[in-house]
1. If you go through the stretch 137-178 one residue at a time, how many are out of contact with any His (no Cβ under 7 Å at 6 or more places or on another chain) and part of a strand (DSSP E or B)?
2. Count, please, the residues in the stretch 144-157 that happen to be surrounded by fewer than 19 Cβ atoms within 10 Å (Cβ to Cβ) and within 16 Å of the ligand (Cβ to nearest atom).
3. Six or more apart or on different chains, Cβ atoms under 6 Å: show the pairs whose first residue is in the stretch 82-102 and under 20 Å from E177 (Cβ atoms) and in contact (Cβ under 8 Å) with a residue 60 or more places away in the chain and whose second is of a type in the set (S, T, Y) and more than 8 Å from the ligand (Cβ to nearest atom).
4. Under 7 Å between Cβ atoms, which residue pairs at least 6 apart in sequence (or on different chains) link something in the stretch 165-176 that is touching a residue at least 12 places away in the same chain (Cβ under 8 Å) and under 18 Å from G146 (Cβ atoms) with a partner that is aromatic (F, W, Y) and within 12 Å of the ligand (Cβ to nearest atom)?
5. What is the one condition in (1) more than 16 Å from the ligand (Cβ to nearest atom); (2) closer than 24 Å to N167 by Cβ; (3) out of contact with any Leu (no Cβ under 8 Å at 6 or more places or on another chain) that V33 does not satisfy?
6. Yes or no: D102 within 28 Å of L59 (Cα to Cα), in a strand (DSSP E or B) and away from the ligand (no atom under 16 Å from the Cβ)?
7. Just to verify a result, which residue in the stretch 48-73, among those that are without any contact (Cβ under 8 Å) to a residue 40 or more places away in the chain and within 16 Å of the ligand (Cβ to nearest atom), is surrounded by the fewest Cβ atoms within 10 Å (Cβ to Cβ)?
Amino acid sequence: MSGVLTVGVLALQGDFERHARAFEILNRSVREVRRAEDLDGLSALVIPGGESTTMTLLLTPKLRDAVVEFCRNHPTWGTCAGMIMLSKDSRDPRVKPLGFMDIEVERNGYGRQVHSFEADLRVAEEIGESHKPLRGIFIRAPRLTGFSPDVQPLVWHGEDIVCARQNHFLVSAFHPELMDDLRLQKYFLAMKA
Ligand code: GLN
């Protein structure tokens with residue numbers, strides 16, 4: 001398989017370890033990214049779930065600049081809090097998103113009572129085996145509330161778009177790293193910047 005060689009996972013906080021394991025199952029090497037230098041030589045980056053407010057605080061100016069520079073020309077995937085970080089608008093002044101995708105998200109948009117749920121999701125053909133639903137775990141997940149026409153929906157929960165792509169950026173509101181179904185990981189590894 002060509003394309004991505006070493007995948008970086010931003011490891012400031014959140015569930016970066018499970019992401020690493022999923023890519024290792026697919027025979028990719030993974031590097032945890034904590035400092036600007038850790039981005040050297042990587043082919044792609046995952047921004048994991050966690051808390052976007054905390055991530056905002058932990059992204060020191062030097063690391064933030066390096067991540068922004070890296071993301072400009074490498075495939076980047078944000079899951080859950082990472083989706084918020086890739087958006088242009090999180091509608092929360094405590095979060096300073098990196099601002100790459102023309103999406104608007106609402107933090108914890110699935111309601112306070114439903115902090116966490118699991119659901120069968122419908123997938124677009126390009127994800128593969130589209131007749132088979134993808135099981136998704138949502139943990140205080142962000143809701144996609146708006147997007148520009150060149151954002152491509154890839155996965156749906158009912159009417160809601162819960163995974164989408166724009167150029168070399170991928171976001172998912174749920175946590176694919178917690179499931180054995182690695183279709184989204186494979187899709188991401190095939191993406192090019
Ligand atoms: N609610 C978190 C936030 O707003 C996201 C939750 C998650 O990443 N599982 O950042």
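The values are calculated or read from the model by the stated rules, or taken from the named source; none is laboratory data. Because the structure is a prediction, the values reported are computed rather than measured. All Cβ positions, glycine included, derive from the backbone under ideal geometry; neighbour counts span all protein chains shown.
1. 23
2. Total satisfying the criteria: 1.
3. M101/S87
4. A173/F138
5. (3)
6. The answer is yes for D102.
7. L57
A quick yes/no check of all residues on (1) at pLDDT below 95; (2) within 12 Å of the ligand (Cβ to nearest atom); (3) among the charged types (D, E, K, R); (4) within 23 Å of A20 (Cα to Cα):
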{"position": "A44", "(1), (2), (3), (4)": "no, no, no, yes"}
{"position": "W77", "(1), (2), (3), (4)": "no, no, no, yes"}
{"position": "C80", "(1), (2), (3), (4)": "no, yes, no, yes"}
{"position": "R91", "(1), (2), (3), (4)": "yes, yes, yes, no"}
{"position": "V95", "(1), (2), (3), (4)": "no, yes, no, no"}
{"position": "E129", "(1), (2), (3), (4)": "no, no, yes, no"}
{"position": "P133", "(1), (2), (3), (4)": "no, no, no, no"}
